[in-house]
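These notes concern the structure reproduced below.
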Amino acid sequence: MEERLIFTEEEKAETLELLHLLRDKIAATLHEGDEAKMHACMRKLLENREIQRDVFGLNPLHQSMKTAMLAVEEEGLKRDGVLAILLHTSVIHGLLTLEEVERDFGKQVSTIIHGLVRIQDLYKKNPVIESENFRNLLLSFAEDMRVILIMIADRVNLMRQIRDTENVAAKMQVSQEASYLYAPLAHKLGLYKLKSELEDLSLKYLEHDAYYMIKEKLNATKKSRDAYIEKFIKPIEEKLTEAGLKFHMKGRTKSIHSIWQKMKKQQCGFEGIYDLFAIRIIIEGQGEKGKEQEFTPQDRMKEVSQCWQAFAIITNMYQGNPKRLRDWLTVPKSNGYESLHITVLGPEQKWVEVQIRSERMDEVAEKGLAAHWRYKGVKGEGNIDDWLNSIRSALENTDGLQAMDEFKMDLYEDEVFVFTPKGELRKFPKGATVLDFAYQIHSNIGNRCTGARINNKVVTLRYQLRSGDQVEIITSNNQTPKQDWVNIVKTSRAKAKIRQALRETQVKDGVFAKEMLERRMKNRKIELEERLMNQTVKKLGFKETSDFYKQIADGTLDPNTVIEKYLEVQQHESNEQPLGPTRSAEEFEYIDPTAEMVGGNDDVLVIDRNLKGVDYSLAPCCHPIYGDKVFGFVTVNGGIKIHREDCPNAPELRKRFGYRIVRAVWSGKGQSTYSTTLRIIGNDDIGIVNNITSIISKEEKIMMRSINIDSHDGLFSGNLTINVEDTSRLDALIKKLRTVKGVKQVGRL
């Protein structure tokens, strides 16, 4: 490079200001001669012509000052950490060796810089940053846990600076790393403020529209939210004051990232998230003890007792959700976090999270390690090795750093707790469904259940209940129990009630179907013989007569088909010519419900740059067919799944595993056919199913595999599975089906 790094006037002024502030903040831990040696290194660095701005156009020396200040203020780093940040660039560019650093500034500074250099070398290998292996490797490379703290501070500072950068690709990469790697690390270290900032900034850059949508809605609802908080806390303040507790309270709105994650998890809009905020009750300390004095076990015992006293008062006023109780007083988190969390049902039947902690606990929660060190009586950096080692051990022994997600706490639980619309608590075994809930309320409710409204979102009766769900059952007078319901439910009560209802229905259906069949045969002047009918039942493939009559009753088996088969059996017995009417080949259409893909798999699919011999299969989540715009996704076992471009899973695959996406295009048509499913909705008119199946039967090279239709209140909806050659034939079929009288919607699943 020909030119040295030139500071702007703004950068020069801010760098000098930061330098003075840093010196003041770490003055007590500096050694004699540190300042003079540091200034010499900085001058040498400024004169070097290889030091240039980074990919975002940022000044590396100016940024190192900002990172050092952030690490001091938010993480509590002192001399060794600050010097390592400021000298790191000199070591990378060969202006300073690690031996010289150790000689002039000590072993600790040298060790931290060595860890930073090793991790930078690791990044040059383009690792998959969201993998568990990379996190473990990162920790092993760090050597000193202050390396991880510096990396977090550096990433927070970088995320703050790149809002308006033109290098969008680099911005997306560092944002993904912040989300998958640095935010979980910050969480595990108790740096909740930095963790929330990393998550919010990542969301802002990666999903711009979602971020600003939530931000605007939060601003719009602030007034009503503040009014509700005031209404909620007023009676609590009165009760706590009566109990003689000294405290202060504050409401905290959830981070934008946290709200967005809840929206995606619950698959609902912003309005469906009810716990947008948490109330924090901070018990004030007693006496004149200063923060720099040692905090004794007796002090902690007193504040823990006061926290539980406040907890008892609140849960006596508002109904609590026991599955949302988090007790980090009895056993604090490995990062020092102590608090009581409980979710209660407040006014207007809204769930509110309440956090109870002391002033000391609150400072540790807000500032993480820095506050923890101070309360443990640590004055400098020399005595924090034991604490850092305990944190390192906690990090290394977690399962891929995923344990911080509190939703996963329920994975190994045996029970789930859900609420009725009135707030009544109900307990179920893990895996229980909406149908279990309906049958626990009443047998009639279960028999007529069609689904439920959970957290203001409609779900099917197969939905598995989660702790904290508020469930409102939806019923229909046209609904009746189905045989497969026995496999849907988890509880023995529900299974027994379903079987009982099925037996009762089977008896009724059998009587009805037998009368109908006898009436049809009488109209055609055919005499019914029980012996011949039993043979007919066997000829039609039924082992049980009850199943035979059930299919007649529910319309699966046409009585005319039974009569034709009965006449064949009768004619065979008497060795006579066929008595019944015959069907021409032109009129007969045989539909095989078990038909699979026909034709050879001879369509040509070009993957990536015309790779040969690649093992691929069609993804079952979107069922691509010839003519669809598709892409390939490399699976963990090396095979390739072919997905449609508009596959519901495509956005998540591209976002999280973009490096495993490969190009795929159709380039040659053979004789293959593909299975695909259509969703049809319309008016339940007489003969509409016959009209639909008639159109399909007349289409060349289209085979119907199955049709499943439900009817409710004059409307029908159902899935139609067919084998088809390509998208052009499929589009033509959809157009024809839309012309059927009564059909409202036809679309591909």
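The values are calculated or read from the model by the stated rules, or taken from the named source; none is laboratory data. Predicted, not measured: the structure shown is a model, and the values here were computed from it. Methodologically, a virtual Cβ is constructed for each residue, glycine included, from the backbone with ideal geometry; neighbour enumeration extends over all protein chains shown. Remember, those area values only see protein heavy atoms, side chains included, never the ligands or the DNA or RNA. Shrake-Rupley method; radii C 1.70, N 1.55, O 1.52, S 1.80 Å.
Legend: distances between Cα atoms for K217/K350; K66/K264; K25/K195; pairs beyond 26 Å are K66/K264. Amide hydrogen proximity for V662: with H placed 1.01 Å from N in the peptide plane, the residues at 5 or more positions away or on another chain lying under 5 Å are G632, F633, V634. Radius of gyration (Cα atoms) of segment 612-749, expressed as a multiple of 2.2 N^0.38 Å: 1.21. Accessible area per residue for segment 631-732 is 50 Å², calculated with a 1.4 Å probe on protein heavy atoms, without ligands, DNA or RNA. Of the solvent-accessible surface of segment 197-283, computed with a 1.4 Å probe and all protein chains present, 51% belongs to carbon and sulfur. How big is D for segment 161-221, in µm² s⁻¹ as a whole number, if Stokes-Einstein is applied with the Kirkwood radius of its Cα pairs at 37 °C and 0.692 mPa s? Once the numbers are plugged in, D ends up at 268 µm²/s. With both labels modelled 7 Å from their Cα along Cα-to-Cβ, the Q464 to E529 distance reads 5.6 nm.
For Q319, the residues whose amide H sits under 5 Å from its own are L345, ignoring neighbours fewer than 5 places away on the same chain, with H placed 1.01 Å from N.
Ellipsoid semi-axes for segment 38-110, based on the Cα gyration tensor and the rule √(5λ), read 19, 18, 9 Å when sorted largest first. For the pair Q671 and I734 in one chain, pulling the backbone fully straight at 0.36 nm per residue adds 20.6 nm over the alpha carbon distance. Backbone amide hydrogens, once placed in the peptide plane, bring A432 within less than 5 Å of L465, excluding anything fewer than 5 places away on its chain. Measuring nothing but protein heavy atoms, the accessible surface of segment 1-99 at 1.4 Å probe radius is 52 percent carbon and sulfur.
Here the gap between S476 and T253, fully extended at 0.36 nm per residue and compared with their Cα-Cα distance, gives a gain of 76.3 nm. Note that segment 151-161 has calculated 3J(HN,Hα) couplings of 4, 5, 4, 5, 6, 4, 4, 5, 4, 5, 8 Hz, one per residue in order, obtained from phi through the Karplus relation 6.51 cos²θ - 1.76 cosθ + 1.60 (θ = phi - 60°); glycine and proline are x. When the Cα positions of I6, A28, G57 are compared along the charge dipole of segment 1-92, A28 comes out farthest toward the positive end, with charges on each C-beta of Lys, Arg, Asp and Glu. Computing FRET efficiency as 1/(1 + (r/R0)^6) for K522 and T420, where r is the C-beta to C-beta distance and R0 is 51 Å, gives about 0.45.
Backbone phi angles across segment 169-181, fed through the Karplus curve with coefficients 6.51, -1.76 and 1.60 (θ = phi - 60°), yield HN-Hα couplings of 4, 5, 5, 5, 5, 5, 5, 5, 5, 4, 6, 7, 10 Hz in residue order; Gly and Pro are listed as x.
The string of couplings for segment 18-26 from the Karplus curve (6.51, -1.76, 1.60, θ = phi - 60°) is 5, 4, 5, 4, 4, 4, 5, 6, 10 Hz, one whole number per residue in order, with x for Gly and Pro. For the pair S305 and E238, the difference between a 0.36 nm per residue extended length and the Cα-Cα distance amounts to 22.2 nm.
Per-atom-type breakdown for segment 510-564 gives carbon and sulfur 47% of the accessible area (1.4 Å probe, protein chains only).
Across segment 1-42, the volume of the C-alpha convex hull divided among the residues equals 79 Å³ per residue.
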